[in-house]
Structures are given as structure tokens and as C-alpha cells.
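Scroll down for the structure; my scribbles are underneath it.
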2 protein chains.
Amino acid sequence: MPDTLTIPFHEMIDVFRSILLQNGFSDERANTCAEVFATNSLEGVYSHGVNRFALFVQMVREGHVVPDATPVLRHATPSLEQWDGALGPGVLNATIATNRAVQLAKQNGLGCVALANTNHWMRGGYYGWQAAKAGCVFIGWSNTIANMPAYGASDVRLGNNPLVIAVPFQQEAIVLDMALSQFSYGAMQMAEMRGESLPVFGGYDENGKLTKDPAAIIKSGRTLSIGYWKGAGLSLLLDIVVAVLSGGLAVHQISQQKAEKGLSQVFVAIALERLQNYPGIGACIQNIISDYKQSAATGEVLYPGERVMRKREQNRQAGIPVVQKVWDEILSLQTITKSVIDQ
Amino acid sequence: MPDTLTIPFHEMIDVFRSILLQNGFSDERANTCAEVFATNSLEGVYSHGVNRFALFVQMVREGHVVPDATPVLRHATPSLEQWDGALGPGVLNATIATNRAVQLAKQNGLGCVALANTNHWMRGGYYGWQAAKAGCVFIGWSNTIANMPAYGASDVRLGNNPLVIAVPFQQEAIVLDMALSQFSYGAMQMAEMRGESLPVFGGYDENGKLTKDPAAIIKSGRTLSIGYWKGAGLSLLLDIVVAVLSGGLAVHQISQQKAEKGLSQVFVAIALERLQNYPGIGACIQNIISDYKQSAATGEVLYPGERVMRKREQNRQAGIPVVQKVWDEILSLQTITKSVIDQ
């Protein structure tokens, strides 16, 4: 395993913010963006937090992500709005779109924001927590660059199009945040680095045989969709719906570009306070979870999001574990930019 | 394989209708209900068409399904309505809820109907086709009786909660209709009857080992959710959201009853004509499908719903294949009731 160090949450925010400020982000936008990247790390999703930050800055520097671009309303119906993300930072566009969906939900019961021309939202679950903390059910998804084959095919034409569903629970939330591939590339690379097999089939080797060997899958590029033909079909439909609702790019169009940019996303919020059964909703969810927790299993049965809360607490106390090389690269972004500015 | 015969589509409708008329259905409701059951069979989903009809009539006769009950509006927000299905026939309640969602979508862009206290909708895809033929994107799901374990557990506490996503395409539709278990019990029973293995793992045997043996899975009851922990998490969230939005029963409550009744369902429609990019939507979907069809595969790569269209044409020409025993049982329902009436 590589050398790691631990970084306190607020130190991580400060470092991210200082770099963003030097790369075209306003004060407020640098704050929000740094907070999202650091929170994703605090909550254990390093692959879409600290481990991805340097690449994000590179995307900004190369002009793929426009730091000061904000979403523009293109078309409104009473319950669905179509916005153009203007190639702004994905995490900022997504927090804005989520806020707008929540606002519409509080007004109308349900609100839907479809967002074209945006960028990678990093960890979709963040927006699930955001909406749930505002008292809403949340359903959202994004398309991606092609990274998964159709069922039975050997070339990648589908995205793993992450799907997020969240509900408020106690003072926290239950948040499902899942890509439609059985494993992310991040998870497979981690297993490869550790010399471990995947716990279940994760894709095909170059001979088209199902395998648990992460190296073989990374080599073939043939990742497995969840549930075989089912996840592949779901991926196709999520891509069609998000492209249709947003008027933005579909997976095949995103994949023709040099970088993964100009994504399409959907954000749906439903305000619990607008439902007739509002007073009983907390108990309804509690009863479902209580039954679920009574499952006969040797280990503890966790609900989606429960691990996130534990990791958050753990990392808040002990600091966020970061691979030394990753942190060094981030600090070098700070230095390089400073020296450029100092000239 | 058992003896089969073929029944023309319209003969099947007539037989179903005559039985429904003798079991408390009005003329119009018997027509619609018979048409849904026969269409599901015509389109190849026999398990939720002709093969389930006798059980449906039994549910009516035992009072679990109330033939003349219609949904009642309980609460309305501008974009989401909460209806009570009054334990009416699931297929009728679902066609009514879909129509209402489509109507709201044409008015507001997006319409959502949450339906409590309904019954089994048989084949969810039917409502996807219905909304798509009316020019809408459709997203809907139902909960079920518990029939799937939490990930790592040995007892069933989750439903396989079928999810439907549909979009209009050419003069037809693209319709994903999938339960969250890797295989339905119907598919496993069919494989067992034929002495065949499942093509991929379908669940666990009684020793907790993954298996392709349908008999071992039916015996243990430990069906596999799609994508292991992912499908289990999705099932839990779909149940929570549908129970919260409808104010109806969750899986654990349905499972405490003697029969699978009083289900909760959600129907979302989005009217394409209300979107800014409406004129380009046909081409957008066509381009996605064209790219998908270029997948490198030895066999043909089909999109969800394509097999349904082919089967529909085939069965329209050759008649609907029905197991002799199944058809005899249906005809006996007709006869028994007639003799009772004749007395």
C-alpha cells in the first residue's frame, strides 16, 4: 500500500480553496467547490474527492470547465425546468440545480430540473444529502462518457450513469448513490494495487470470460453492468431520458469529445411537507428500516448512507487519509500557480 | 414441455371478458382489464398475462381485489397527486393513474401520481407503453410482497419492486420493465421445468453458495438482487419512496397480510411536447439507438422493448401460445360461474 498521511477537514478545504481562487473561481464559488470536494473525502468517497481534485483543476486550466460560468434557465414549465450549465464546474452547477429543484418542490410538491452542458458532479450522493437535509426526497442521475458495453458486446457504448435516490431520515438521510457498473474503475484499481480479487464478477477478460480479476477487466475495458442485461438496459434508458429532458448531449456524443465534458443531468425533489401524510413520514421510514435491520445475517445489515455517516465521524476525528503522492500533487498545484502569479 | 395450444388475441380477450363480467366487473372495466391481460400475453409476458389470470379471478372472488372500486384523489399539489386505489383491480387502477399522470404532464410538463392501496399491476411495462404512446416519457414502479433478502441476509425482507422507464420511439416505444431480482420466480420455474441451468447466478442455495440451479434457489428462497448490494439498496429506496409518496403500505406491511394486496405505486409522466427541444427529440433518440446498435457483438443487440414488438407480431399472426392446463383452468372458471348463474 502507498504512503498515506491524514489531513484535517478544514485544512483540506483551505488548500482546495486557495488553489481554486488562483484558477478563476470567485470567493463564494471557491468556498462551495472546496467544501464539496473536501466533504466527499471526509465521507470516504476519496475517488470523487481529494483523489480527483488535481484532475479537476487540470480540466479548468485546459478550458473544459469554465470556473465562472453559471446555469442559465432556457425553458420553464410549472413542474420541470430546462437549464443550460454553460460548461461550468459540475459540483457548482449540481448544487445550484439541486437547490432549484428543492425550491420548486416546496412550491409545487415536486420539482424537476434538467441540466444540459454541465460537467462531472463528482459524487452524486452529495446532492442527495443536500436535498434530504432540506426535507426532500431526491432522485437524480447523470450520464457519463462511454465506459460499459451493451450486454453481449465487447466495445463500450454505454455510460455507467450514476443514479442517486435519497430520503430524509432522523436528523440525517438514507442515500443510495450507485453507478450502473458493478465496480467503479477506482474500486478496481484499488483492488489491483492491493493484489486482491473482486468479491464478485466485475467484468470480462479479453477472451470474453467473466472474471473477478481487476487487472484483466481494466485491460479489456469490458466492465459488467449490474444485473447483466438489466443494468445495461437501465443505463440506456437513463441516458435517453436525461438527454431528452435536458436537451443536452447523450453518452455517444460525450464520448466523441477529447474530454468527459458537457454532461446531462436530472434533479428531482419532492417536498415531504407538501404531502398529506407528512406527519407520519418519519415513522413510516423508521419502520421500514427497523424491519430491514432485523434481517437474518451474520454481519450487520447497513442501509445506503449509513457507512458514509460512520466514515464522516471517523475522518472528522482522525483526519482524512490521503495518499502522500496525491497530496503532494495537489500542493504542487498551489506552488506552481503561486510562482506564476509571483512573476 | 407441457402441451400447449394457440389462442387468437381476440378470442382470449372475449374469454377473459366473459369471466370478468361474471365476477363483478362492469362492461367497460371488463373490457379494459381483459385487454390488458390479453395484451401482456400477446406481447410475450405470459407470466403476467394468461398464466396469472386464474389467480387474479381467485383474488377477486376471495375479496382481496374489489372489482368495482376506483381510485379516489386524497391530496393534490400542482405537480404531484396522492390517490387511494381502494383495493381496486391493479391493472385498472394503474391505467387510470397513468392516464392521470399523462394529463398532468400535458398541463404542467411533468406529472406525478402516487397510488396507495392498489393491487398487482401485473406487467408494469404495459403502462410504459401506454404513456409513451401518449407522447410521454414514463417512470414508474411498484412495491411487492417481500421476496428478496437484504445483501448478505438469508431471509426475505425486500421486494423485487419492478421499475419501468419508457420513451416514445418512432411509432412505438422503448420500454424497460425490470424487477430488481436477477430472475423472476416465473423464469426460474420455467428453467426448472425444462431441466436447464440459469445463464448467470440467480441466487443462493441453502448453504449460502451462489448458484445457477433454479430448483436450489426456489427451495432456499434466496433470490439474488441485480448487482448484489446495489440492487438490494435500490429495492430498499424504491420501497421507501413509494410508501412515502403514496402514504400507502411498505413491503414489510404488505408481507404481514395473507395475500399480496394493498400495494403502493408511483407513476411519473413528462410530456415531450412541453419541452423546448421537442422538435429534435425523435432524432436525439434515434441517434442514441443507432450508436447502441453498432455495438461489436456476435448476436444482435436489442433495446428494451424490441423483443416485445417482435413477439407481438409473431403472436398476432400465429396465435398466443398457452399451456393446455392453464387454458383449461381459465375455461373452467367460465363454466363454473355459468352453472352457478344457471341455477
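Only the coordinates and a few stated rules stand behind these numbers; no lab work does. Just so we're clear, the structure is a prediction, and the values are computed from it rather than from any experiment. Using ideal geometry, Cβ is built from the backbone for each residue, glycine included, and neighbour counts are taken over all protein chains shown.
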Only Lys, Arg, Asp and Glu count, each charged at its Cβ (+1, +1, -1, -1), so figure out the dipole size of the protein assembly as shown about its Cα centre, rounded to 20 debye.
140 debye
Based on DSSP H runs of at least 4 residues, each adding -39500 (n - 2.57), what is the mean residue ellipticity at 222 nm of the protein assembly as shown after dividing by all its residues, to the nearest 500 deg cm²/dmol?
-14000 deg cm²/dmol
How large is the translational diffusion coefficient of chain A in µm² per second when you combine the Kirkwood radius over alpha carbon pairs with Stokes-Einstein at 20 °C and 1.002 mPa s?
102 µm²/s
Please work out the Cα convex hull volume for segment B:182-224 and give it in Å³ per residue.
51 Å³
What gaps in nm, shortest first, separate B:LEU331 from its twins in the other copies when you place the label 7 Å past Cα toward the beta carbon?
8.5
Treating only the Cβ of Lys, Arg, Asp and Glu as charged (+1, +1, -1, -1), what charge dipole size does chain A show about its Cα centre? Round to the nearest 20 debye.
440 debye
Using +1 at the Cβ of each Lys and Arg and -1 at the Cβ of each Asp and Glu in segment B:232-343, identify which of B:GLN314, B:VAL242, B:GLY282 lies farthest towards the dipole's positive end.
B:GLN314
Step through the residues of segment A:175-191 one at a time and calculate ³J(HN,Hα) from phi using the Karplus curve (6.51 cos²θ - 1.76 cosθ + 1.60, θ = phi - 60°), rounding each to whole Hz and writing x for Gly and Pro.
10, 8, 9, 9, 6, 8, 8, 4, 9, 6, 4, x, 5, 5, 5, 4, 5
Mind jotting down the distance between the C-alpha centroids of segment A:246-318 and segment B:299-338, whole Å?
39 Å
Separation of the A:GLN171 and B:VAL72 label points, Cα + 7 Å toward Cβ, nm
4.0 nm
In the structure shown, of A:LYS209/B:LYS325; A:LYS133/A:LYS293; A:LYS258/A:LYS311; B:LYS209/B:LYS230; A:LYS209/A:LYS261; B:LYS133/B:LYS325, the pairs separated by more than 30 angstrom at the C-alpha atoms are A:LYS209/B:LYS325; A:LYS258/A:LYS311; A:LYS209/A:LYS261; B:LYS133/B:LYS325
Put a label point 7 Å from Cα along the Cβ direction on A:SER290, then list its distances to the equivalent points in the other copies in nm, shortest first.
5.7
Please find, among residues of chain A, the one with the beta carbon closest to the rotation axis relating it to chain B, distance in whole Å.
A:SER79, 2
About the Cα centre, and with charges only on the beta carbon of Lys, Arg (+1) and Asp, Glu (-1), how big is the dipole of segment A:182-224? Nearest 20 debye, please.
60 debye
Suppose you put the label 7 Å out from Cα in the Cβ direction; list, shortest first and in nm with one decimal, how far B:LYS212 is from each other copy's label.
1.7
Checking segment A:139-226 for trypsin sites (Lys or Arg not before Pro) in a loop per DSSP with at most 13 other beta-carbon atoms within 10 Å yields A:ARG194, A:LYS209
Sites matching GluC sites (Glu not before Pro) across segment B:1-94 that sit in DSSP coil, with at most 13 neighbouring C-beta atoms within 10 Å:
B:GLU62
Of the convex hull drawn through the C-alpha atoms of the protein assembly as shown, the volume per residue in Å³ is 153 Å³
In nm, spacing of pseudo-spin labels at B:GLN317 and B:SER154 (7 Å Cα→C-beta vector):
5.2 nm
Backbone N within segment B:86-114 under 16 Å of label point (7 Å from B:LEU21 Cα along the Cβ vector)
none
Cα convex hull volume per residue for segment B:141-202 (Å³)
127 Å³
As a footprinting exposure proxy, order A:PHE138, B:PHE56 by other Cβ within 10 Å, with the fewest listed first.
B:PHE56, A:PHE138
Using Cβ contacts closer than 10 Å as the measure, can you line up A:HIS75, A:HIS48 from fewest to most?
A:HIS75, A:HIS48
Trypsin sites (Lys or Arg not before Pro), restricted to segment B:224-287: which are DSSP loop and have at most 14 other Cβ atoms within 10 Å?
B:LYS258
Which part of segment A:185-206 falls in the paramagnetic zone of B:LEU210, meaning amide N under 15 Å from the point 7 Å along Cα-to-beta-carbon?
A:197-205
